[in-house]
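Everything below concerns the one structure shown next.
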Amino acid sequence: MARGIPRTDVLITLMGSPHGSDLVTSVLRLVESLLRRGASVQVWACGYATLLTQEGLGESKPRNLADWSADYPSTATVIRGMLAARPGRFHWYGCRFCSDDRGAVAHVPEVRLRAPGAFAENVEAAGRTLFVGVL
């Protein structure tokens with residue numbers, strides 16, 4: 001087992017722009033489905049995906065002009081909730097280099113930043129690895 005990385009069934013490496021497509025929504029749905037089936041999952045956010053867990057996003061998205069009274073959670077809030085609901089079975093890692101390069105340095109406390117050279121340890125700790133996004 002890799003140092004300090006819990007063994008998981010699946011590692012999803014999330015790369016690319018978080019709001020350019022349905023990529024993030026699809027990954028979060030996939031993670032939720034895997035967790036419901038009893039799998040343990042880790043996500044490694046790389047590139048602009050490191051912006052998903054910024055504290056500056058707050059609890060809610062900006063108001064929707066078409067439905068002013070609706071309140072939609074930010075991605076950081078959704079991910080925090082998923083982590084809290086499945087302690088020990090769901091883990092979120094962020095690439096430290098990608099975060100620093102994009103000025104994304106204030107992550108929610110549940111996110112663990114790791115150097116890119118440590119990525120191999122995450123792969124080693126996972127039964128399967130899935131890359132989603134651009135390379």
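The values are calculated or read from the model by the stated rules, or taken from the named source; none is laboratory data. Please read these numbers as outputs of a predicted model, since none were measured by experiment. Cβ sites come from the backbone with ideal geometry, for glycine too, and all protein chains shown count toward neighbours. We work out accessible area using only protein heavy atoms, side chains counted, and drop any ligands, DNA or RNA first. Shrake-Rupley method; radii C 1.70, N 1.55, O 1.52, S 1.80 Å.
Numerical summary
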| item | result |
| --- | --- |
| From the coordinates shown, Cα extents along the principal axes in Å corresponds to which of (1) 135, 36, 22; (2) 55, 29, 22; (3) 49, 35, 26 | (3) |
| Cα long-axis angle, helix 75-85 against the chain (0 to 90 degrees, to the nearest 10) | 50 degrees |
| Local electrostatic count, G47, Cβ distance below 14 Å [Lys/Arg +1, Asp/Glu -1] | 0 |
| Å² of accessible area per residue within region 4-91, as computed with a 1.4 Å probe and no ligands counted | 52 Å² |
| For region 1-103: relative contact order, % (alpha-carbon pairs under 8 angstrom, 6 or more apart) | 31 percent |
| Cα gyration tensor shape of region 56-135, rounded if a/c is under 1.5, else prolate or oblate by comparing a/b with b/c | prolate |
| DSSP beta bridge pairing in region 6-135, given as percent antiparallel to the nearest 5 | 15 percent |
| On Cα atoms only, tilt of 23-36 relative to the major axis of the chain in degrees | 60 degrees |
| Lys, Arg +1 and Asp, Glu -1 on Cβ, resulting dipole of region 60-135 about Cα centre, debye, nearest 20 | 120 debye |
| Three-way shape label, region 12-57, alpha-carbon gyration tensor, a/c 1.5 | prolate |
| Linear extension gain, E55 paired with L130, 0.36 nm per residue minus alpha-carbon span | 24.4 nm |
| Positive-end residue of W92, V134, P18, charge dipole of the chain with Cβ unit charges | W92 |
